[in-house]
Amino acid sequence: MATRIDSLPLVVIVGPTASGKTALSIDVAKRYHGEIICADSRTIYTGMDIGTAKPSLEERQGIVHWGLDLVRPDQPYSAALFQHYAVEKIADIRARNHLPILVGGSGLYVDSVLYEYDFSGSQPDTARRQQLEHMDIAALQRYCLENNIKLPENDKNKRYVINNIIRNGHAPKRRKGVVENTFVVGIATEKEELRQRIARRSQQIFDDGVVDEAVRLREQYGEIGEAMTANIYRLIFEHLRGTYSLDETKRRAELADWHLAKRQLTWLRRNHDIVWQARNVAYAYICRFIDSEQ
């Protein structure tokens, strides 16, 4: 594909968990010499492979994936750090005359790149963040109410609440429209189909050994850190303490992913720059756009 570097678009693929983003992005990357940047607030952690549904080397089919295994589960990470990382990778991918493809369901990560969020002044010292990390979600919510700090839309996400406290309830400044030369596609999935996909993936995660992975992670890092609050690990820790049977843990994990998908869709549907396409036609739609840009 002979293309001028400055004409290479940024293709962004978004959608809820289990909607098929990874497979679609790989198909696009294979056709257009693309490289994928994963915008996922869980797959950034090393060792958290099964529970986060991180694409395996086999699933990546030789396509370069960035944004995976960036930090240990006991290390802090933020949307601001991801934004800096992703912007650098996009420039590097374009410089090598490859197509950058940003893929994810973590709305804040994606939007920080699309709308050039200004995080200046929002990053606290490490001691402050660690102090907040040791508070549970109920305590953090109480702190916000007692200090007149507006809760984020997803007030059950510990990381979002902590970041809101740090910013004193103020959202970062952002541009009005997406960055130039950017195309954003959302995968539209019927409710029942999405539930079935979530159920299949949830079962696969347990078949692949997520309980053993959780045991190993707990031995290395404990249960308190932000990385350990992901639905699947939190539920498995409860199972290991005898709170839930394995079958009940599986049921709750599937339900938690369904609730996650609904929250992701709530965030994404507010974005009028996303072009929604059914999964079975999204590939052809993206290809037509890229071809028209050449």
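Considering every residue within the range 226-233, establish whether at least one is within 20 Å of the chain's Cα centre (by Cα), more than 30 Å from Y283 (Cα to Cα), of a type outside the set (V, I, T) and modelled with pLDDT of 90 or more. Yes, that holds for at least one residue.
Among the residues making up the range 217-259, those that are outside any helix (DSSP H, G or I) and among the hydroxyl-bearing types (S, T, Y) are T243, Y244, S245.
For every residue, the table says whether it meets (1) among the small types (G, A, S); (2) free of Cβ contacts under 8 Å to residues at least 60 places away in the same chain; (3) on the phi < 0 side of the Ramachandran plot.
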site	(1), (2), (3)
Q204	no, yes, yes
G225	yes, no, yes
T229	no, no, yes
I232	no, no, yes
V275	no, no, yes
A278	yes, no, yes
D291	no, yes, yes
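Among the residues of the range 240-280, just one is at pLDDT 95 or above, charged (D, E, K, R) and closer than 17 Å to V178 by Cβ, namely D273.
The residues of the range 206-216 that are outside any helix (DSSP H, G or I) and at negative phi amount to a single one, D208. Scan the range 198-207 and tell me whether some residue there is farther than 27 Å from N271 by Cα and of a type in the set (V, I, T). Yes - at least one qualifying residue is present in the range 198-207.
When the range 210-253 is filtered for residues that are more than 13 Å from P73 (Cβ to Cβ) and of a type in the set (F, W, Y), the ones remaining, listed by number, are F237, Y244. Would you mind stating whether E213 is of a type in the set (D, E, K, R), touching a residue at least 60 places away in the same chain (Cβ under 8 Å) and not assigned by TED's automatic domain parsing to the domain that holds A127? Answer is yes for this residue. Residue count for the range 137-153 under the criterion of being under 19 Å from the mean Cα position of the chain (by Cα) and either under 16 Å from R234 (Cβ atoms) or surrounded by fewer than 17 Cβ atoms within 10 Å (Cβ to Cβ) (or both): the result is 1. Filter the range 259-282 down to the residues that are surrounded by 15 or more Cβ atoms within 10 Å (Cβ to Cβ) and in contact with a Pro (Cβ under 9 Å, 6 or more places away or on another chain), then identify the one that is farthest from I205 (Cα to Cα). Among residues in the range 259-282 that are surrounded by 15 or more Cβ atoms within 10 Å (Cβ to Cβ) and in contact with a Pro (Cβ under 9 Å, 6 or more places away or on another chain), the one farthest from I205 (Cα to Cα) is L268.
In the set (1) modelled with pLDDT of 80 or more; (2) under 20 Å from the mean Cα position of the chain (by Cα), the condition left unmet by H134 is number (2). Identify all residues within the range 50-63 that are on the phi < 0 side of the Ramachandran plot, in a loop (DSSP other than H, G, I, E, B) and either in contact (Cβ under 8 Å) with a residue 40 or more places away in the chain or surrounded by 14 or more Cβ atoms within 10 Å (Cβ to Cβ) (or both); write none if there are none. The answer is I50, G51, T52, K54, P55, I63.
Meeting the requirement of 1 or more residues that are closer than 20 Å to G15 by Cα, the helices (runs of 4 or more DSSP H) wholly within the range 68-152 are 79-95, 107-114. Checking the range 121-132 against the condition returns a match, with at least one residue being surrounded by 15 or more Cβ atoms within 10 Å (Cβ to Cβ), among the basic types (K, R) and not assigned by TED's automatic domain parsing to the domain that holds K250. Filtering the range 91-99 for residues that are closer than 24 Å to L265 by Cβ, assigned by TED's automatic domain parsing to the domain that holds I26 and among the polar types (S, T, N, Q) leaves an empty set. Every condition in (1) modelled with pLDDT of 95 or more; (2) among the aliphatic types (A, V, I, L, M); (3) under 17 Å from G105 (Cα atoms) holds for A80 except the one numbered (1).
The values are calculated or read from the model by the stated rules, or taken from the named source; none is laboratory data. As the structure is a prediction and not an experimental result, all values here were calculated from the model. Note that we place each Cβ from the backbone using ideal geometry, even for glycine, and neighbour counts take in every protein chain shown.
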